1. What are the ³J(HN,Hα) couplings of the stretch 247-254, residue after residue, when phi is run through the Karplus curve with 6.51, -1.76, 1.60 and θ = phi - 60°? Round to Hz, x for glycine and proline.
2. With a point put 7 Å past each Cα toward its Cβ, work out how far VAL32 is from THR293 in nm, to one decimal.
3. Check the straight Cα-Cα distances from LYS308 and name the aspartates and glutamates below 19 Å, setting aside those fewer than 8 residues away within the same chain.
4. Which FRET efficiency, nearest 0.05, do GLN283 and ARG129 yield, Cβ-Cβ r, R0 45 Å?
5. If we count every other residue with Cβ under 11 angstrom of THR195's Cβ, Lys/Arg +1 and Asp/Glu -1, where does the sum land?
6. Report the full-extension gain for the segment LYS39 to SER311: residue separation times 0.36 nm, less the Cα-Cα distance, to one decimal in nm.
7. In Å, what Kirkwood hydrodynamic radius results for the stretch 12-111 from the alpha-carbon pair distances?
8. Expressed as a rounded percentage, what relative contact order does the stretch 283-344 have, with Cα pairs under 8 Å and six or more residues apart?
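Nothing in this text is a laboratory measurement; each read-out follows from the coordinates by a stated rule. Everything numeric here is computed off the predicted structure, so don't read it as measured data. Using ideal geometry, Cβ is built from the backbone for each residue, glycine included, and neighbour counts are taken over all protein chains shown.
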Amino acid sequence: MILGRFIQQKSGSTDAYKAFIPDPFPPRGKFVFSSDMIKQDAKAQHLVSKLDGITQLLPDVDFFIFMYILKDAASSSQIEGTGATMIHALEAEAHLDVDLPEDVDDIIHYIKALNGGLKLLEKVPISIRLIKTLHKRLMESARVTHDARPGEFRHDQNWINGTKPQDAKFVPPPPHEVMRTLGDWENFVHADDDTLLPLTKAAILHGQFETIHPFRDGNGRTGRLLTTLYLHESGLLEKPVLFLSAYFKKHQTVYYDRLNGYHHGEVDDWVRFFLSGVSETAQEAIETVYKITKLRERDILKIHELDKRSSKSAILVLPRLFSLPIVDVATVCQWTGFTPNGAQKLIDRFIDLGILYVRDAKKRYGRSYIYRDYVSIFYDARVK
């Protein structure tokens, strides 16, 4: 499928290179996919619908969404080279007095951008305006921001891989083409096309956005944020609990290869990869919901073993641990209004019940505690 042409820039110069100029989008013949692809989309959509329904069974679902967002933020940032992990981000969110890697800032900015984008989506549809706001929140005052011009589309040529456009793997459209191509992209988001299933459309939107690469930096993270927002805005999910960055990180080489193939018109391979990611991620999320429900029921039973007064306090704290599973005494004081001594006694009861674990036993003061069984559901590495 032809999506555009590679046109030589700076003709006659020793600095000449070819940049990709997208054709009017979507293509005139529109997108035509095989029956197998349509079945793959239907299978993925079935799993997404199942996830959407089962998520409604979770009590205090908004508490759990934070962990999904945190995992996606860590994975998306790691694709771009960030070394900080989900645990580092939890420590930062808990405001613990610990040494954190500098690049945890990348994850925190991603979380702020996604939360801000979801809130903005209540008032503004996915649009050029929203894209610029999303990028600004992602990049403004961020560690990685040098001359990225947060919230501004680029005014010069960028490229993917290589040291300059001449030896790059892919050269996106020149800056004067950015607004035209993004305008086509925005129109496609809101176009009514019964022949294109929503998940397949989400795949194409991501591929096309990364082809345009409208910013100097932060295009990958912005594109993955937009995918989450689109899945939510399209009505596929009532709550944003399907995040694909962990899948893209797990298959990072294939992710880049399939995106590069999309640039060259290999749309089918990219869409198949994307749909496989949706199916795998939705199935994992469904299993996660079951694990969370089982864990919650187990720990509520444990709390009921306490005396009436302690049980009442513990029941108030347990739901909060699902949104912030690494805490210290100060955090529990804020949640309960207890004195530090009272908060410590409550934490000790959680430890005795096997709900919380001490993270830094060698410390005499300023210890932190982790809801380890819960964090392990989201984070594969050994947690401490």
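1. 5, 5, 5, 4, 10, 4, 5, 5
2. Once both label points are built, they end up 4.4 nm from each other.
3. Of all the aspartates and glutamates, those that pass the test against LYS308 - Cα under 19 Å, at least 8 places apart if same chain - are GLU297, ASP299, ASP348, ASP352.
4. Numbers: r = 35 Å, r/R0 = 0.78.
For GLN283 and ARG129, the calculated efficiency is 0.80.
5. -1
6. The span from LYS39 to SER311 would gain 92.9 nm if fully extended.
7. On the way: mean 1/r = 0.0551 Å⁻¹.
By the Kirkwood definition, the hydrodynamic radius is 18.1 Å.
8. Values: 22 pairs, mean separation 12.0, N = 62.
Computed over the stretch 283-344, the figure is 19 percent.
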